[in-house]
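This report refers to the structure that appears directly beneath it.
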Amino acid sequence: MKRFLMSLPVLAGVAVAAVAPVHAQTAKSGSADILVKSTASWNGKPYAPYASGTPELTVLRLTVAPKAALPWHKHPYPNAGYVLEGALTIQDKESGAHKTFHAGEAFTESVDDAHRGVAGDEKTVVLLVYAGIKGQPTSVPLPGQEKEY
């Protein structure tokens, strides 16, 4: 079980630069493109081993209105996102660092660091995959902030 949990960050985590997906040929059935794969979040912070428990994967389609900012929040577990439409700028609250991801780009989110996403000039649609623990939240708002979703 512990080995399985420690492998979950690979599913959920990747720091992404502007590079093309890695293309892998599968055995006579098609192909697969690795969109993200990393042991660190978008801002380079390495993922640490996390709590044991029953793994729970959550896939979420999040739609953000044009120019809207999500509330400041933290994630207790690794997750990765893929921008389906528009653009999303992730902002780190403490450092002020930020990075924008456009349609067709994948990213990994910070764990235990306060951050938020801000949509670009168009509606933004993001597919998020969380590698969490059953019964635990995937997103925790900072005090005084609303829930992210």
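Bear in mind these aren't lab numbers, they're just calculated from the coordinates by the rules spelled out. Keep in mind that what you see is a predicted model, and the values were worked out from it rather than measured. With ideal geometry, Cβ positions are generated from the backbone for all residues, glycine too; neighbour counts draw on all protein chains shown.
Structural remarks
- Linear extension gain, A65 paired with K147, 0.36 nm per residue minus alpha-carbon span: 27.9 nm
- Listed residue pairs exceeding 20 Å between alpha carbons, taken from K74/K99; K37/K67; K45/K134; K37/K93; K67/K147: K37/K67; K45/K134; K37/K93
- Arranged from fewest to most other beta-carbon atoms within 10 Å of their beta carbon, D112, D92 become D112, D92.
- With the simple spin-label model, which puts each label point 7 Å out from Cα in the Cβ direction, the H98 to L57 separation comes to 3.3 nm.
- In order along segment 81-89, the phi-based Karplus estimate (6.51 cos²θ - 1.76 cosθ + 1.60, θ = phi - 60°) of 3J(HN,Hα) comes to x, 9, 7, 7, 9, x, 8, 10, 9 Hz; Gly and Pro are listed as x.
- Per DSSP, loop trypsin sites (Lys or Arg not before Pro) in segment 76-149 with at most 10 further Cβ within 10 Å: K134
- Residue exposure sequence - I90, I34, I133 - by fewest surrounding Cβ within 10 Å: I34, I133, I90
- As a proxy for reagent exposure, ranking Y77, Y149 by other Cβ atoms within 10 Å from fewest up yields Y149, Y77.
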